[in-house]
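Taking it in order: structure first as structure tokens, then the write-up.
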Amino acid sequence: MDVEYLISIIEQYGYAALFFSLWLGIVGLPIPDEVIVMTGGAVTSMGILHSLPAFLIVYLGVISGLSLGYILGRTLGTPILDRLRRKKKMDKYIKYSENLVHKYGNFTICISYLLPIVRHIIPYIVGINKMSFKRYALFSYSTGLIWTLIFFLLGRIFGDHVQAAGELIHRYGLQIAMLLCVLIIIFLLMKYVWGKKTTED
């Protein structure tokens with residue numbers, strides 16, 4: 001599935017197509033979440049959908065898909081991970097996700113948004129570990145809102161180039177996020193130093 005095909009589906013089915021393409025992302029649709037969210041932003045810049053309802057539907061699709069993983073983990077337990085392990089290369093992602101949860105605890109939910117595939121595995125694991133839904137929602141929904149807003153706005157900016165930009169971000173998401181953090185820190189430091197220098201003068 002490519003962006004052009006996704007856009008044609010959105011033109012035909014509207015907001016529902018956006019929601020279900022993200023909600024069903026948990027079963028491994030052949031298009032990254034980042035690209036779908038950015039496509040949601042792109043279609044609003046094209047005038048196909050309205051910005052606010054499209055954003056809300058995209059956000060609901062993101063958190064609903066991940067919440068489904070939490071619910072399955074909580075209700076079905078470890079057999080759900082055993083089933084996932086049968087898929088090609090999934091075992092290494094599951095082990096990596098388990099290590100992240102052990103190392104960072106609740107904050108792994110926030111970190112996982114930057115990590116494709118891991119993003120969908122973490123809800124299973126925290127559900128299996130019996131994390132309360134209230135705590136899960138606090139970390140996942142707040143981070144998900146920021147994550148969705150960033151990619152939605154990027155979709156509006158990139159427009160026709162959503163596929164290439166989305167796949168690049170999907171592949172190098174963590175590195176790009178770290179680079180942005182470093183740039184923000186440098187900017188804030190420079191602003192602080194410049195402001196202090198101006199005050200002294």
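The values are calculated or read from the model by the stated rules, or taken from the named source; none is laboratory data. These numbers were taken from a predicted model, which means no experiment stands behind them. No Cβ is skipped: glycine too gets one built from the backbone with ideal geometry, and neighbour counts run over all protein chains shown. Heads up: the accessible areas ignore ligands, DNA and RNA and are worked out on the full protein's heavy atoms, side chains in. Shrake-Rupley method; radii C 1.70, N 1.55, O 1.52, S 1.80 Å.
Leaving ligands, DNA and RNA out of it, report the carbon-plus-sulfur percent of the accessible area of region 82-164 at a 1.4 Å probe. Working shown, then result.
Details: 3030 of 4870 Å².
Percent of accessible area from carbon and sulfur atoms in region 82-164: 62.
State whether region 1-106 is rounded, prolate or oblate according to the following rule on the C-alpha gyration tensor (a ≥ b ≥ c being the square roots of its eigenvalues): a/c under 1.5 gives rounded; otherwise a/b larger than b/c gives prolate, and the remaining case gives oblate. Could the numbers behind the result be given before it?
Values: a/c = 2.46, a/b = 2.12, b/c = 1.16.
Taking the square roots of the gyration eigenvalues as a ≥ b ≥ c, region 1-106 is prolate.
Using a 1.4 Å probe, how large is the accessible area of Leu72, given in Å² and rounded to the nearest 10?
In the full protein context, Leu72 sits at about 50 Å².
For region 71-157, just the Cα atoms, rotate onto the principal axes and tell me the three extents in Å, largest first.
On the principal axes, region 71-157 reaches 41, 31, 23 Å in Cα extent.
If we sort 123-132, 2-11, 86-95 on the protection proxy, mean other Cβ atoms within 10 Å, highest first, what's the order? Provide the component values of the computation, followed by the final result.
Numbers: 123-132: 19.9, 2-11: 15.8, 86-95: 11.9.
With the highest mean Cβ count within 10 Å placed first, the list reads 123-132, 2-11, 86-95.
Sorting Trp147, Trp194 by accessible area (1.4 Å probe), largest first, what list results? Could you put the intermediate results ahead of the total?
On the way: Trp147 15, Trp194 175 Å².
Largest accessible area first, the list is Trp194, Trp147.
Per residue, how much accessible area does region 70-154 have with a 1.4 Å probe, in Å²?
Each residue of region 70-154 exposes 57 Å² on average to a 1.4 Å probe.
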